[in-house]
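What follows draws every value from the coordinates through simple rules; no lab data is involved. Given the structure is predicted, the values throughout are model-derived calculations rather than measurements. With ideal geometry, Cβ positions are generated from the backbone for all residues, glycine too; neighbour counts draw on all protein chains shown.
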Amino acid sequence: MTLTFAALADRARALVPAGGRAILGIAGAPGAGKTTLAEELVAALERHGPPGWVAHVPMDGFHLADVELERLGNRDRKGAPDTFDALGYAALLRRLREDTDEMIYAPGFERVIEQPIAGAIGVPRAARLIVSEGNYLLLSTGGWERVRPLLDEVWYADLDQQSRLRRLIDRHIRFGKPEPAAVGWATGTDERNAALIAATRDRADLLVPTALIESIGAAPPR
């Protein structure tokens, strides 16, 4: 049976227990379409529920700032697992799962300046489903192992390599990198991270195939 976007929406909705809150993770390599999938899923679910019942909380807000990466000597490895605050992300997920606070603020990530922004995303108590996407949700080392137990399900955006690289290079160019630098970063730093992420693929609860990801929107994923 072919997996459809409507089936994804139904599956996400079914995660929410009566009177409770669920957290859905979407993992995948850089450029695989995680953000596009999460945004479209949230938009579709919002149309069929009370206002504010679903929220999008990306992992990217837990990038370490450039000033800290430079202090650590990791600026040229930005995007690698240890260039994020994995424990901070896990702490946020725990707080969301506890479901006791009227409002929880999460950090966002501004692509134009490539920096995290504190307190950019407000998650009200009314949010019963949290959709959180990021590269390392299925990683089992470096503090990331604390993440998976806090997620009800994790889906893997399984975009084929050729499409993913093309989209990733286009994204880097769109946000200001000259084409040679965009190609170098996508096939260098990003590709090393992608290989690490691909090794976690089998831990996912569901694989979202290329055809479905490409059908979600013509615009390149963020």
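A compact table of results
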| read-out | value |
| --- | --- |
| Estimated vicinal HN-Hα couplings, Hz - segment 123-134 in sequence order (Karplus 6.51, -1.76, 1.60; Gly, Pro = x) | 10, x, 4, 5, 5, 9, 10, 10, 10, 10, 10, x |
| Vicinal HN-Hα couplings computed from phi for segment 153-161 (Karplus, 6.51 cos²θ - 1.76 cosθ + 1.60; Hz; Gly/Pro x) | 9, 10, 9, 10, 6, 9, 5, 5, 4 |
| Ratio of the Cα radius of gyration of the chain to 2.2 N^0.38 Å, where N counts its residues | 0.97 |
| Spin-label pair residue 15/residue 173, simplified geometry with 7 Å Cα→Cβ offset, distance in nm | 3.4 nm |
| Candidates 169, 26, 113: whichever shows maximal mean-square fluctuation once the chain is modelled as a Gaussian network with Cα springs under 10 Å | 113 |
| Rounded to whole Å, sorted largest first: equivalent-ellipsoid semi-axes of segment 63-130, Cα gyration tensor | 27, 13, 8 |
| Residue 111 versus residue 47: modelled label distance in nm, points set 7 Å from Cα along the beta carbon direction | 2.2 nm |
| Under the Karplus curve 6.51 cos²θ - 1.76 cosθ + 1.60, θ = phi - 60°, whole-Hz ³J(HN,Hα) for segment 189-198, x wherever Gly or Pro sits | 4, 4, 5, 4, 5, 4, 5, 5, 5, 4 |
